[in-house]
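Trainee: First, the structure itself, so that you have it in front of you.
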Amino acid sequence: MSKKRKGLEKISLIVIALIALTSCGQKEDKRTAPVARKANIALKTNTIETNALKQLSDYGFFKGQLAQLNPNENVYPYAINTPLFSDYAQKARFIYLPKGKQMDFKPNGPMDFEDGAILIKNFYYPNDERNPDAGRRIIETRLLIKEKGAWNPLNYLWNEDQTDAELDYVGKTMAVDWVNSEGKTKKLDYVVPNLNQCKNCHNANNKIVPIGPTAAQLNQRYRSLQEDINQLDYFKKLGILKGLSTAEAQDKMPIWNDVLTGSVEERAKAYLDANCAHCHSAQGSAKNAGLYLNYHENDQRRRGVFKPPIAAGKGSGDHQYDIVPGKPEESIFMYRMISNDPAIRMPEIGRSVVHQEGVDLLQQYIKGLVEESF
Amino acid sequence: MKKRLIFLFVFILVVAVYFLQRESLPTYSPSRDYIDLEAELVEQFILAKDSSVIELPAGHFLFSQSLSLDNKSHLTVKGQGMDKTVLSFKGQSSGAEGIKITNSQNIVLEDFAIEDAVGDNLKISDSDSVVMRRIRSAWTGEVSVQNGAYALYPVLSSNVLIEECEAIGSSDAGIYVGQSKNVIIRNNKAFYNVAGIESENSTNVEIYGNEAYENTSGLLIFNLPELTVYGSNVNAHHNKIYNNNLTNFAVKGSIVSAVPKGAGVIIMATKDVKFHNNIIEDHKTVNLAVVSYEIFAADEDELGQETLASEAQARGLRAIESDYKEDESYNPYPGRVSIHDNTFSNANFLPTFSNEFGLLWLLKNKASIPDIAYDGIISPDGSLQDDEHRLCVRNNSNASFVYLDASHDFEGFTSDRTPFDCKLNE
């Protein structure tokens, strides 16, 4: 009897274990990439032949060793107040203006450029954020070139030896590592965008546009000089910016991580402007969502407060609103900022790790919003 | 002995629970042998010449990133057939879509399959003159909330033709036309989706010859608030919509997560709708419903069993009111809707009790599932006879009809079709 019972118990346990196993197996993770084999399949090519320069060095933007990014004549370094987060990559920005050409000052939106102007943005990781002399690895150099009244994006990928960068259209994923300001070694898979992904962000009313060089973003001390002079004023002094009265009379974008430059709300708005508004605006790629995050958007519902999602799909994370005042944990904003899932994360492209410092700022901002005032 | 009985009891319970919970969710599992031709094909797409053809070879091609076409014109992407050429985005690490087409004109996509994108399988926006022909767009495996949202998704586009395509396993809508103009959706199949076919905020849409089955809901004709574009003028005919009773597996918070399973067709807040010569069969909630945005947006969870009518109604309305204030250009009521010459039947005797409509039929309609239900919510100062709100229902074999009178706590609930026996735009 007792033996029989034990046998029965054993069988039962085995059956239960089997059920447990099979039911676990059923919930396969659909996100796992299967293995693909390489195969030699010839494609009939119908691709455009471009006359774009093949190497970055062909442009002559920099003198001496290319990787030093030492600007030649007519190439002007610049910086912006609140940049787009790009997986902790740092950026060295330059404007190239053909000799004698000027930028036309615009109080709102980017400066106006003439044909021949080129915006140059180098993405790099310092080997050690604590030590500027430890060197850096430049990953890519993105160009926006103005020709025949239109902007065209081109991208150049740096070689291992850092001697030059080569024209690339299709993008690439590459492993990068660096030591951060706390001395921790960080590693991630950096995604170089393909040509169409460039266009996705640099899009206003279906035209390609620059994003960074706006009056409010440029309105700061000129960092490339010891001298204490405002960047906009300096460009005016150099004779490459026309139409500016004084920088002082212009809007100034707060620096997202500098508490002296604005309140939490102001800095959060600056952060959202730089990281989201290129798509989330009335002109951007995400206009159909009805969420507008430009710095000067004052309609709280359009900014996401108690706004239900329109096209979020699973990006809503079962939350009802983009922002629930006082409750970051119930806000879709936070859900999407702390996710790395390509179907959920925001921004959709250009980020593969969570920007913790940005998340902290947005947490503070949403916590500080008071429900009753909406 | 007692111990043994308890053990046996637990054992049986575990087995029983296991089999009961194993709700039979449908599964689409084609066999695949993935090939990596990613870099070459990505380049073909990005650098495609205008007025050319991208020929996709036979094979199952796996991608870790989206394929995209931007600012192209007169371009054809052609595979070797939906069973032979498969573009799979399973486990993709970059981009949310499978194929994304933007700012393009005169684009033809035909004869291939798209699978398992993390977001939408095929999204086309801000484009004109687009054809999707014999495209099978699917998520493989058992249907799941992990599946992407839209299988075929033209949005903010014009002159769109979707024909002989298949949409399978979308966690939102299979064939989903949003905020577009001049659209034909014909001879397609949609199954295992939350919504099989959905026309959302689109104008001049003709939907015919399609089959939608085994979705949560077969066909949605929706007009939603707070979008850049509103839609009207939808003509749906000669479709077969049957057995859409699939458990809703959409993400909560999405609009389709509020669609009750077993709703064959829902016409919501859309003006100038013709719905005729269709076959609608075997739905456990309702074969066809004509509703305002108000009743639809009332959250299911708030409609408890005891608070069937007034409370839920009040809550639903309150929740939505803010929308109207914000969005004056939106009209939340359906109108000039003509439903005629359709064939309705239902093999289900009892409605599902998984949603408030089933319970409403139990209390108010002798537990019988109506073929056609109209919520009767109209603008506060309007009347049912206004041209703006007109609903005509005639000559639908022996279709049963209910008028819910939802704006008066269902007081005027009736199955009398007489006030709606009229002809409109036929």
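Trainee: Kindly provide the trypsin sites (Lys or Arg not before Pro) of segment B:335-403 that DSSP labels as loop, not H, G, I, E or B, and whose Cβ sees at most 12 other Cβ atoms within 10 Å.
Mentor: On the way: sites: B:ARG336, B:LYS364, B:LYS366, B:ARG390, B:ARG394; in loops: B:LYS366, B:ARG390.
Qualifying residues, ordered by number: B:LYS366.
Trainee: Tilt of helix A:356-368 relative to the longest C-alpha principal axis of chain A, in degrees (0 to 90, nearest 10)?
Mentor: 80
Trainee: List B:TYR293, A:TYR321 from most exposed to least, where exposure is judged by having the fewest other Cβ atoms within 10 Å. List each step's numbers first, then the result.
Mentor: Working: B:TYR293 25, A:TYR321 20.
Final ranking by Cβ density, sparse to dense: A:TYR321, B:TYR293.
Trainee: If you don't mind, another one. Run the helix sum for chain B: -39,500 (n - 2.57) per DSSP H stretch of 4+ residues, divided by residue count, reported at 222 nm to the nearest 500 deg cm²/dmol.
Mentor: Values: 5 runs with 60 residues, N = 426.
About -4500 deg cm²/dmol.
Trainee: Counting partner chain Cβ atoms within 10 Å of every residue's Cβ in A:31-43, what's the average? Each step should come with its number before you reach the end.
Mentor: Working: counts 7, 2, 11, 9, 3, 14, 5, 3, 8, 2, 8, 2, 9.
Going residue by residue through A:31-43 and averaging, the value is 6.
Trainee: For helix A:2-26, what angle does its Cα long axis make with the longest principal axis of chain A, in degrees from 0 to 90 and rounded to 10?
Mentor: 20
Trainee: With respect to the cross-link table entries A:LYS269/B:LYS252; A:LYS38/B:LYS78; A:LYS269/A:LYS367; B:LYS366/B:LYS423; A:LYS30/B:LYS90; A:LYS91/A:LYS252, which display a Cα-Cα separation exceeding 18 Å? Write out the running numbers ahead of the final one.
Mentor: Numbers: A:LYS269/B:LYS252 28 Å; A:LYS38/B:LYS78 22 Å; A:LYS269/A:LYS367 14 Å; B:LYS366/B:LYS423 29 Å; A:LYS30/B:LYS90 7 Å; A:LYS91/A:LYS252 20 Å.
As for pairs spanning more than 18 Å Cα to Cα, those are A:LYS269/B:LYS252; A:LYS38/B:LYS78; B:LYS366/B:LYS423; A:LYS91/A:LYS252.
Trainee: OK, next. Only Cα pairs within less than 10 Å get springs; with that Gaussian network setup on chain A, which residue of A:GLU182, A:GLU329, A:GLU140 has the largest fluctuation?
Mentor: In the Gaussian network model the winner is A:GLU182.
Trainee: Now for a separate question. Taking the simple approach of a point 7 Å from Cα along Cα-to-Cβ for both A:LEU238 and B:LEU25, what is their distance in nm?
Mentor: 5.8
Trainee: Take B:CYS165, A:CYS279 and order them by how many other Cβ atoms sit within 10 Å, fewest up front. It would help to have the intermediate numbers written out before the result.
Mentor: Values: B:CYS165 26, A:CYS279 21.
In order of increasing Cβ crowding within 10 Å: A:CYS279, B:CYS165.
Trainee: What are the membrane-span-like helices in chain B by this rule: whole DSSP H runs, Cα extent along the axis at least 18 Å, mean Kyte-Doolittle hydropathy at least 1.0?
Mentor: Values: long enough: B:2-21 (28 Å, 1.84); B:310-326 (25 Å, -1.18).
Those that clear 18 Å and a mean of 1.0 are B:2-21.
Trainee: Per residue of A:331-344, count partner chain C-beta atoms within 10 Å of its C-beta, then hand back the mean as an integer.
Mentor: Values: counts 0, 1, 0, 0, 0, 0, 0, 0, 0, 1, 5, 14, 12, 4.
Going residue by residue through A:331-344 and averaging, the value is 3.
Trainee: Sticking with this structure for a sec: Considering only A:VAL191, A:VAL35, A:VAL259, give the residue with the highest GNM mean-square fluctuation for chain A, with springs between Cα atoms whenever their separation is below 10 Å.
Mentor: A:VAL35
Trainee: Let me ask another. Tell me, what is the FRET efficiency for A:ASN40 and A:SER263 to the nearest 0.05, using R0 = 45 angstrom and their Cβ-Cβ distance as r? All intermediate terms of the calculation are to be shown ahead of the outcome.
Mentor: Numbers: r = 60 Å, r/R0 = 1.33.
That pair, A:ASN40 with A:SER263, gives E of 0.15.
Trainee: Fewest first, what order do A:ASP104, B:ASP126 take by the number of other Cβ atoms within 10 Å? Each step should come with its number before you reach the end.
Mentor: Values: A:ASP104 12, B:ASP126 20.
Going from least to most buried by this count: A:ASP104, B:ASP126.
Trainee: How crowded by other chains is B:206-219, given as the mean number of beta carbons from other chains within 10 Å of each beta carbon?
Mentor: Details: counts 0, 0, 0, 0, 0, 0, 0, 0, 0, 0, 0, 0, 0, 0.
What the average comes to for B:206-219 is 0.
Trainee: Tell me, for chain B, which Cys residues have no other cysteine's C-beta sitting closer than 4.7 Å.
Mentor: So, B:CYS165.
Trainee: Report, to the nearest 10°, how far helix A:264-275 tilts away from the longest principal axis of the Cα atoms in chain A, using its own Cα long axis and a range of 0 to 90°.
Mentor: 90
Trainee: Divide by every residue of chain A the summed helix terms, -39500 (n - 2.57) for each DSSP H run of at least 4, and state the resulting mean residue ellipticity at 222 nm, rounded to the nearest 500 deg cm²/dmol. Let's see the in-between values first.
Mentor: On the way: 7 runs with 75 residues, N = 374.
Helices in chain A give a 222 nm mean residue ellipticity of -6000 deg cm²/dmol.
Trainee: Return the single residue from A:PRO132, A:PRO193, A:PRO347 with maximal mean-square fluctuation; model: Gaussian network over chain A, springs between Cα atoms under 10 Å.
Mentor: In the Gaussian network model the winner is A:PRO132.
Trainee: Lys/Arg Cβ at +1, Asp/Glu Cβ at -1, dipole of chain A taken about the Cα centre: which of A:PRO71, A:GLY350, A:ILE95 is farthest positive-ward?
Mentor: Farthest towards the positive pole: A:GLY350.
No value in this document is a laboratory result; all are computed from the given coordinates. What you see is a predicted model, and the numbers here were worked out from it, not measured in a lab. Cβ: placed from backbone, ideal geometry, glycine included. Neighbour counts: every protein chain shown.
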